[in-house]
Amino acid sequence: QVQLVESGGGLVQPGGSLRLSCAASGSIFGIYAMGWYRQAPGKQRELVATVTSGDSTNYADSVKGRFTISRDSAKNTVYLQMNSLKLDDTAVYYCKITLPRGYYWGQGTQVTVSS
């Protein structure tokens, strides 16, 4: 069993900041990577940012320079610092963990950017 608990979503004005957290627990030995994806209404789920066990990061072009992904390996937690938020960043944000046997999703946390 793998549990992913996300937190930190909410309502923020354009230009504001939020920090998402995702804590993993359970049978999570040998983590390959953790990351964040998002899905806006009527759109497909898309990659936001990922970080590997070797701390290599990857970002969607739309968030480069605004979002920063980081991880605390001791806590099995991944963070997403989101700055300069735009209306288009509104979506449900999902945490994903990739293990040797497959991947798992969190339940999602809503991020709404609105004036």
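The values are calculated or read from the model by the stated rules, or taken from the named source; none is laboratory data. Quick caveat: nothing in here was measured; it's all calculated off a predicted structure. No Cβ is skipped: glycine too gets one built from the backbone with ideal geometry, and neighbour counts run over all protein chains shown. SASA here: full protein model, heavy atoms, side chains in, ligands and nucleic acids out. Shrake-Rupley method; radii C 1.70, N 1.55, O 1.52, S 1.80 Å.
Restricting segment 10-65 to residues that are of a type in the set (Lys, Arg) and closer than 16 Å to LEU80 by Cα, the residue that is least open to solvent (accessible area, probe 1.4 Å) is ARG38. Of all the listed residues (LYS96, LYS75), the sole one being open to solvent by 60 Å² or more (accessible area, probe 1.4 Å) and out of contact with any helix residue (DSSP H, G or I) (no Cβ under 9 Å at 6 or more places or on another chain) is LYS75. State yes or no: is GLY54 over 22 Å from PRO100 (Cα atoms) and part of a loop (DSSP other than H, G, I, E, B)? Taking the combined requirement at face value, the residue does not satisfy it. Of the residues ALA33, ALA40, the single one that is out of contact with any His (no Cβ under 9 Å at 6 or more places or on another chain) and within 23 Å of ARG101 (Cβ to Cβ) is ALA33.
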